[in-house]
């Protein structure tokens with residue numbers, strides 16, 4: 001539902017020339033719709049300038065993966081972003097994402113069992129497994 005509302009608002013704003021500026025605060029508000037709730041726990045948008053979206057990523061392995069192969073994330077962002085996004089700049093920042101709320105268990109389970117729906121078409125099995133292992137490691141660290 002939120003996806004449809006965001007798309008309609010973006011289209012209407014774009015047609016009227018009233019598209020909101022992609023401030024950091026606004027990007028963070030629409031980020032869950034652009035990338036899916038499960039990824040908001042691992043990364044967050046920093047800025048969008050001149051077609052480059054800068055994304056801060058919490059885990060070094062995920063940051064490395066997206067630096068080497070950014071197309072899965074870029075396609076997802078381009079599908080929902082009302083502004084033109086031509087490329088990604090990935091930064092490692094272990095403080096980024098939702099720090100105090102880990103992904104819901106059903107999200108981790110969906111990735112572990114290959115049933116992730118939101119980004120299933122964009123993520124390969126290796127990346128799904130990497131995200132699930134990051135969540136397991138974080139959970140173990142938080143409990144220990």
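Among the residues of the range 35-50, what is the count of those that are farther than 15 Å from residue 90 by Cβ and in contact with a strand residue (DSSP E or B) (Cβ under 9 Å, 6 or more places away or on another chain)?
Looking only at that region, the number is 0.
Confirm whether residue 41 is surrounded by fewer than 15 Cβ atoms within 10 Å (Cβ to Cβ) and modelled with pLDDT under 85.
no
What are the residues in the range 48-80 that are in a strand (DSSP E or B) and loosely packed, with under 14 Cβ neighbours inside 10 Å, if any?
Result: 49, 52.
The values are calculated or read from the model by the stated rules, or taken from the named source; none is laboratory data. Since we're looking at a predicted model, the values are computed, not measured. No Cβ is skipped: glycine too gets one built from the backbone with ideal geometry, and neighbour counts run over all protein chains shown.
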